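Novice: Here you go, one structure.
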């Protein structure tokens, strides 16, 4: 009985795609790899922070000197690593973050989801119609909360957000005390200057993709040159 030789198994579509030298395929393959890496990083950040966005960039000087323009701030859920502390409670407990008492929170102004969140310090949690007195230098003013929520202020600002934007904030009207469900999270730590990358994400992405394409062409050229140099001795020996 003769034994039939086994037919050589043809490589699968995925294997052919992985091993292809076609320029279009290799470019797409690199782009897919970048997307997978970015997705893995985003998922890891979300799992660690418990909220989204897990990072924000400082775009104004309202938190100077404790946060500066271009700082990349890592954000965690408001009750992760301990309950959210206001300046008022932090002063009693000794809890400090970013050079002063209490937590710096990231919140959606008036709950709006289509506007960049604000990153300012939580001063106190006010009840409905509770009045608080604030001082900035020699300037003293009172504020009565129309609803329960956090009273917030930029460390470099003269007045609280709820007074500073009394004439309206980007079409939202005056800012109201921050309800707990408007809080995206609290700032954990910041890395200077790294936030300029998200601020310029489109040109950075274009540069990276262009660099990948150029590298792929260079690698293909080197591979062809090496193959041609290996073929020349074989031809000369015939």
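The values are calculated or read from the model by the stated rules, or taken from the named source; none is laboratory data. This one's a predicted model, so the numbers in the text were calculated from it and none came from an experiment. No Cβ is skipped: glycine too gets one built from the backbone with ideal geometry, and neighbour counts run over all protein chains shown.
Novice: All but one of (1) part of a loop (DSSP other than H, G, I, E, B); (2) more than 25 Å from the chain's Cα centre (by Cα); (3) surrounded by 12 or more Cβ atoms within 10 Å (Cβ to Cβ) hold for residue 156, so report the exception by its number.
Specialist: (2)
Novice: Check whether at least one residue in the stretch 34-41 is over 23 Å from residue 180 (Cβ atoms), assigned to a loop (DSSP other than H, G, I, E, B) and touching a helix residue (DSSP H, G or I) at 6+ places or on another chain (Cβ under 8 Å), and report yes or no.
Specialist: no
Novice: Conditions: (1) at pLDDT below 85; (2) in contact with a helix residue (DSSP H, G or I) (Cβ under 7 Å, 6 or more places away or on another chain); (3) closer than 30 Å to residue 128 by Cα. Residue 167 meets all but one. Number of the miss?
Specialist: Failing condition for residue 167: (2).
Novice: Check 185, 173 and return the single one that is part of a strand (DSSP E or B), in contact with a helix residue (DSSP H, G or I) (Cβ under 9 Å, 6 or more places away or on another chain), under 25 Å from residue 86 (Cα atoms) and at pLDDT 75 or above. Step through it out loud before you land on a result.
Specialist: Working: 173 fails: part of a strand (DSSP E or B).
Step by step, each of 185, 173 is checked, and only 185 is part of a strand (DSSP E or B), in contact with a helix residue (DSSP H, G or I) (Cβ under 9 Å, 6 or more places away or on another chain), under 25 Å from residue 86 (Cα atoms) and at pLDDT 75 or above.
Novice: State yes or no: is residue 25 in a helix (DSSP H, G or I), at pLDDT 75 or above and more than 18 Å from residue 195 (Cβ to Cβ)?
Specialist: Against the criterion (in a helix (DSSP H, G or I), at pLDDT 75 or above and more than 18 Å from residue 195 (Cβ to Cβ)), residue 25 does not qualify.
Novice: Pull up the stretch 141-150, narrow it to residues that are without any contact (Cβ under 8 Å) to a residue 60 or more places away in the chain and closer than 15 Å to residue 160 by Cα, then point me to the one that is surrounded by the most Cβ atoms within 10 Å (Cβ to Cβ).
Specialist: 149
Novice: Select the strands (runs of 3 or more DSSP E) contained entirely in the stretch 71-140, then report the ones holding at least 2 residues which are touching a helix residue (DSSP H, G or I) at 6+ places or on another chain (Cβ under 7 Å) and in contact (Cβ under 8 Å) with a residue 60 or more places away in the chain.
Specialist: In the stretch 71-140, the matching strands (runs of 3 or more DSSP E) lie at 72-76.
Novice: Still on this structure: If the requirement is being modelled with pLDDT of 95 or more and loosely packed, with under 13 Cβ neighbours inside 10 Å, which of these qualifies: 99, 113?
Specialist: On the way: 113 fails: modelled with pLDDT of 95 or more.
Selected residue: 99, the only one of 99, 113 that is modelled with pLDDT of 95 or more and loosely packed, with under 13 Cβ neighbours inside 10 Å.
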